Structures are given as C-alpha cells and as structure tokens.
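Asker: Below are the structure tokens for one structure; questions will follow.
The values are calculated or read from the model by the stated rules, or taken from the named source; none is laboratory data. Predicted model, so just to flag it, every value in this text is computed and none were measured. Here the Cβ is made from the backbone with ideal geometry for all residues, glycine too, and neighbour counts use every protein chain on show. Just the protein is used for accessible areas: all its heavy atoms, side chains included, with ligands, DNA and RNA removed. Shrake-Rupley method; radii C 1.70, N 1.55, O 1.52, S 1.80 Å.
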Amino acid sequence: MEGIIHIRIDDRLIHGQVATLWTNELGVTRIMVINNQVANNEVQKTMLRMAAPSNVSTSLITEEKAVNNIQSGKYKGQRVLVIVKDPETILRLMDKGLDIKKVNVGNMSTRDNTHHIKPSVSITSDEEKAFRTLLERGVEITAVMVPTDKLVYLKDII
C-alpha cells in the first residue's frame, strides 16, 4: 500500500479537523475519500473538494477504483490520507486484497440504533461486529479525534 500513510474512519469525510490538523500533522499530499455513493454524486464531490486545502490533491473514488489504484502503485511517492465512513468499508477493502494494518476512528455521529463507545463515536451493532472482526484480523484500531489527543485503543473501549 505504497503512499498510504493513514487510514481514518470519519463519517464527516473532509472537514476542518481533517483539512487542517490531520493534513498538517501527517504532511499529507492527497486526501482519498473511498465511498461508492460520494464517488457517484457530483454535488457531494464538489463540496468535499472545497473543504480540502488547496495544496492537497483529492481523490473521491469507489472502493473498486481505490483497490485497483492502490494495488497498481499509483500513489507511490505520495502521502495519502484515506478516509472512509464506516468499518464495513475497511472490511470490504481488506476482502478485496488491501493489507490494512492500522485504522483511526475519528467521528461516527449518533444515529438511530447506535450506542456511544466514546463521546465522538456512536456505533450500530453491525458496526460493532465489523470492528470486532477487524480486531480479530489483527488490525490496530485507535479512536483519536485530533492528532494531539491521548491515544485510545478501540479494543479497550468496545
């Protein structure tokens, strides 16, 4: 997974914390949003590109295209921050062949049928099952909103 330096689950995708704190802290040159619905919605893509820093490239692509691009080495030499909305996406990416070792959970908003595991993270039973599967597969999952927050491991709070 050459070029991929950080993978984050954040249902807000590109927003202030990502555009400023995370991109600066990590020295990001590209933000990649992997989401099938966003990739096929020009209005959402335009809005997300507007939220990204002007000096950072954006890729707003489907899961399939992301897997193909990453496996072909397209991002070699770049510093890519990957953002997805949910843990199920991470599982699907792994099932399609991506070797994902670490994931950070930023924000998962309160929705119907969710429970809080952290003030900024609310999950459904399906999302909890996906997180547990990721943990069983050996993925290190942290739950950190901003880079300066204390490191919290999801295994300790789920």
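Asker: Working only within the stretch 114-158, note down all residues that are closer than 24 Å to residue 18 by Cα, basic (Lys, Arg) and modelled with pLDDT of 95 or more.
Answerer: Passing the criteria: only 155.
Asker: Just to be sure, is residue 91 touching a residue at least 12 places away in the same chain (Cβ under 8 Å) and crowded, with 20+ Cβ neighbours inside 10 Å?
Answerer: Against the criterion (touching a residue at least 12 places away in the same chain (Cβ under 8 Å) and crowded, with 20+ Cβ neighbours inside 10 Å), residue 91 does not qualify.
Asker: From (1) closer than 17 Å to residue 8 by Cα; (2) surrounded by fewer than 19 Cβ atoms within 10 Å (Cβ to Cβ); (3) in contact (Cβ under 8 Å) with a residue 12 or more places away in the chain, pick out the condition that doesn't hold for residue 40.
Answerer: (1)
Asker: Something else: Considering (1) loosely packed, with under 14 Cβ neighbours inside 10 Å; (2) in contact with a strand residue (DSSP E or B) (Cβ under 8 Å, 6 or more places away or on another chain), say which one residue 82 fails and leave the rest.
Answerer: Checking residue 82 against (1) loosely packed, with under 14 Cβ neighbours inside 10 Å; (2) in contact with a strand residue (DSSP E or B) (Cβ under 8 Å, 6 or more places away or on another chain), the one that fails is (1).
Asker: Now for a different question. Which of the residues belonging to the stretch 127-147 are among the acidic types (Asp, Glu), touching a residue at least 12 places away in the same chain (Cβ under 8 Å) and assigned to a helix (DSSP H, G or I)?
Answerer: Matches in the stretch 127-147: 127, 128.
Asker: Surrounded by fewer than 18 Cβ atoms within 10 Å (Cβ to Cβ), free of Cβ contacts under 8 Å to residues at least 40 places away in the same chain and either on the phi > 0 side of the Ramachandran plot or of a type outside the set (A, V, I, L, M, F, W, C) (or both): does that describe residue 124?
Answerer: The answer is yes for residue 124.
Asker: Looking at this structure, is residue 127 of a type in the set (D, E, K, R) and within 17 Å of the chain's Cα centre (by Cα)?
Answerer: yes
Asker: Could you go through the stretch 56-70 and let me know if any residue there is in contact with a strand residue (DSSP E or B) (Cβ under 9 Å, 6 or more places away or on another chain), basic (Lys, Arg) and either open to solvent by 50 Å² or more (accessible area, probe 1.4 Å) or on the phi < 0 side of the Ramachandran plot (or both).
Answerer: Scanning the stretch 56-70, I find at least one residue that is in contact with a strand residue (DSSP E or B) (Cβ under 9 Å, 6 or more places away or on another chain), basic (Lys, Arg) and either open to solvent by 50 Å² or more (accessible area, probe 1.4 Å) or on the phi < 0 side of the Ramachandran plot (or both), so the answer is yes.
Asker: So, one more: Scan the stretch 108-121 for residues that are without any contact (Cβ under 8 Å) to a residue 60 or more places away in the chain, surrounded by 14 or more Cβ atoms within 10 Å (Cβ to Cβ) and over 12 Å from residue 154 (Cα atoms) and report the count.
Answerer: Summing the residues that are without any contact (Cβ under 8 Å) to a residue 60 or more places away in the chain, surrounded by 14 or more Cβ atoms within 10 Å (Cβ to Cβ) and over 12 Å from residue 154 (Cα atoms) in the stretch 108-121 gives 2.
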